[in-house]
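Asks: Before I ask anything, here is the structure I am working with.
We did not get these values from a lab; they are worked out from the coordinates using the rules stated. Quantities reported herein were computed from a predicted structural model and do not represent experimental measurements. As a convention, Cβ positions derive from the backbone with ideal geometry for all residues, glycine included, and neighbour counts pool all protein chains shown.
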Amino acid sequence: MILLKTPDEVQVMRRAGRVVFGALEVAEREIKPGMTTRELDSLIEGYIRSQGAVPAFKGYQGFPAASCISIDDEVVHGIPGDRVIREGEIVSVDVGSIVDGFYGDSARTIAVGTVSPEKKRLMEYTLKSLNAAIDKARKGNKLGQVSATVQSIAEGAGYGVVRQLVGHGIGRNMHEEPQVPNFGSSDEGPVLKTGMVIAIEPMINVGTYDVKTMPDGWTVVTADGRPSAHFEHTVVITDNGPEILSIA
Ligand code: MG
Ligand code: MG
């Protein structure tokens, strides 16, 4: 079943959400060509801990870092390490936090310096699809309306919508029911109710939607090597509409 969060629990999740927002702000402010992804991750982890929170990804199923950092054709789950960030790359940063037992989860793709028009447009439409989907996260709507909104905007722009990875419910665990696909029919899925919290996270590719996992067991890349973007927010459904938790 899908657990509905109480107002007190939502209040804690606002704090967890503010931490991931702040961490992504640090990443966006500090990222620069010549830096390694490990250095960027270290700044993110330092911020999360400075807020009295725990980096949710570190140790999750053995993941070794506080953030996932995925560059260009890397879709998600890139492991921070020795890779040097370069001008013209797009860098997807995904961050999770735990505050008083509740999780926050958010991601954004950051342009490093000047990027190609192809990458810029991909980022714009991925963010646009997320924002339009969030607007559908209203009580009484089917979850499928959220999913179908992402798909129609992304495919309408000519892009591939990743199928193998989806968004999720979130609360006392990072991944709870229901799954939140970025594709599907608007009449599918559970009816949204006040107190449901979901992480909506379109992963959108310039080319094919097909992806594969690298030999490191984590990094997911596009099958055709073309760029991918990823934006994510943790959102609670309220009586008055969607409220983004992963924000200031
Ligand atoms: Mg995430
Ligand atoms: Mg997520």
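Asks: Give me the number: length gained by fully extending residue 82 to residue 121, i.e. 0.36 nm times residue separation minus the C-alpha to C-alpha distance, one decimal in nm.
Replies: That pair, residue 82 and residue 121, stretches by 11.2 nm at full extension.
Asks: Additional query: Straight-line reach from residue 193: which aspartates and glutamates have a Cα under 12 Å away, not including same-chain ones fewer than 8 places off?
Replies: Within the straight-line limit of under 12 Å, residue 193 reaches these aspartates and glutamates: 239.
Asks: Within straight cross-link reach of residue 32, meaning Cα distance under 20 Å, which aspartates and glutamates are found once same-chain residues fewer than 8 apart are removed?
Replies: Correct list for residue 32: 41, 45, 72, 73, 74, 82, 87, 89, 94.
Asks: Now for a separate question. On the first, second and third principal axes, largest extent first, how far apart are the outermost C-alpha atoms of the chain in Å?
Replies: 47, 42, 30
Asks: Can you tell me the FRET efficiency between residue 11 and residue 213 if r is taken as the Cβ-Cβ distance and R0 is 41 Å, rounded to the nearest 0.05?
Replies: On the way: r = 37 Å, r/R0 = 0.91.
So, using R0 = 41 Å, E works out to roughly 0.65.
Asks: Let me ask you something else. Counting only helical runs of four or more DSSP H residues, what would the 222 nm mean residue ellipticity of the chain come to if each run contributes -39,500 (n - 2.57) and the total is spread over all its residues? Intermediate results must be reported in sequence, preceding the final value.
Replies: Values: 4 runs with 71 residues, N = 248.
Value at 222 nm, helices only, nearest 500: -9500 deg cm²/dmol.
Asks: Relative contact order, percent, of the chain when contacts are C-alpha pairs under 8 Å separated by at least 6 residues?
Replies: 23
Asks: Another one. What whole number of Å gives the distance from the Cα centroid of the range 184-211 to the Cα centroid of the range 213-229?
Replies: 20
Asks: Okay, moving on. Could you give the length gained on full extension between residue 3 and residue 114, defined as 0.36 nm per residue of separation minus the Cα-Cα distance, in nm?
Replies: 35.6 nm
Asks: Using a cut-off of under 11 Å, list every residue of the range 47-91 whose amide N is near the label point 7 Å from the Cα of residue 30 along the Cα-to-beta-carbon line.
Replies: Only 47-50 fall inside the zone, counting backbone N under 11 Å.
Asks: Please report how far the C-alpha centroid of the range 81-111 lies from that of the range 1-75, rounded to the nearest whole angstrom.
Replies: 6
Asks: Binned at 5 Å from 0, what are the whole-percent values of the Cα-Cα distance distribution for the range 42-147, short to long?
Replies: Pairs per bin, as whole percents: 2, 11, 17, 18, 17, 17, 12, 4, 1, 0.
Asks: Continuing with this model, one more query. Test of understanding: express the Cα radius of gyration of the range 186-228 as a ratio to 2.2 N^0.38 Å, with N the residue count.
Replies: 1.66
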